[in-house]
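The structure appears right after this line, and notes come after that.
The values are calculated or read from the model by the stated rules, or taken from the named source; none is laboratory data. Here the structure is a predicted model, which means the values were calculated and not measured. Virtual Cβ from ideal backbone geometry, glycine too; neighbours counted across all protein chains shown.
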Amino acid sequence: MKRVLLGMLTPSSNTALEPLTSAMLSGLPEVSAHFGRFRVTEISLQPQALGQFDMAPILEAARLLADAHVDVIAWNGTSSGWLGFEADVALCQLIEQETGVRCCTSVLALNEIMEKTQRKRFGLVTPYLDDVQAAIVANYARSGFECVAERHLNRSVNFSFSEVEPTQIVQMAHEAAEARPQCLTTFCTNLRAAQLAPALEAALGLPVYDTVSTAVWKSLRLCGVDTRRVKGWGSVFDGEMA
């Protein structure tokens, strides 16, 4: 059986996405995930925080992943939510030009799913600061999506996002769902949220798209792997977009 190697660009202080990604892939013996880090410690709109997402360090991490002959490189992060989606488009183009490896991102994959399923009224759950959350909502509005409800924790230290208890994420999701969105997204790859999707979908009666899951979903699709083989992680893998 031919191996499928997924490269994942990872914020340096993220401790959630690696175990979540590996768990999602545990039932696919030929697929493995490989991680390359670059420094990200703070999420805010301050210059020093925005500068963490300059292309140079991300591209260097991508080059190192390419040394492992990965089949795809995914930016498993949500920075284009506040930087603008064009930042992810440009990043993918640059990585593909520099490495020859196909590239995708959590956010562009999420947008693809919401676009193709015509679920443009969404609920947004994040740990981010007020102004970061507002920037995300505004970016989506400019692209024709309507955030009908949101919950956020007003935090900026990236490591702290992984310490948010899943019970709190569930509460935030239920509160956002009261506005009857067409779907809900847990929008941060350092939240321990992806595993909550099946139970939330059953309780709320709507799709829940986690941004770690969307990165894995798109990576598998680019590699020709049937996403329906990923069991127990929600409708993103076995629903309309399978």
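Some notes on this structure:
- Each residue in region 196-242 was checked for being crowded, with 24+ Cβ neighbours inside 10 Å, among the aromatic types (F, W, Y) and part of a helix (DSSP H, G or I), and 1 pass.
- Qualifying residue in region 185-195 (condition: part of a strand (DSSP E or B), touching a residue at least 12 places away in the same chain (Cβ under 8 Å) and crowded, with 23+ Cβ neighbours inside 10 Å): yes
- The listed residue being more than 14 Å from the chain's Cα centre (by Cα), under 17 Å from L191 (Cβ atoms) and modelled with pLDDT of 95 or more, out of T99, T41: T41
- Candidate set from region 1-42 (those that are farther than 27 Å from F237 by Cβ and of a type outside the set (S, T, N, Q)); member that is surrounded by the fewest Cβ atoms within 10 Å (Cβ to Cβ): R39
- Of all residues making up region 191-242, the number that are touching a strand residue (DSSP E or B) at 6+ places or on another chain (Cβ under 9 Å), more than 20 Å from A173 (Cβ to Cβ) and of a type in the set (G, A, S): 2
- Residues being under 25 Å from Q133 (Cα atoms) and not hydroxyl-bearing (S, T, Y) - total across region 25-56: 17
- Verdict on A66 being surrounded by fewer than 24 Cβ atoms within 10 Å (Cβ to Cβ), under 25 Å from V157 (Cβ atoms) and in contact (Cβ under 8 Å) with a residue 40 or more places away in the chain: no
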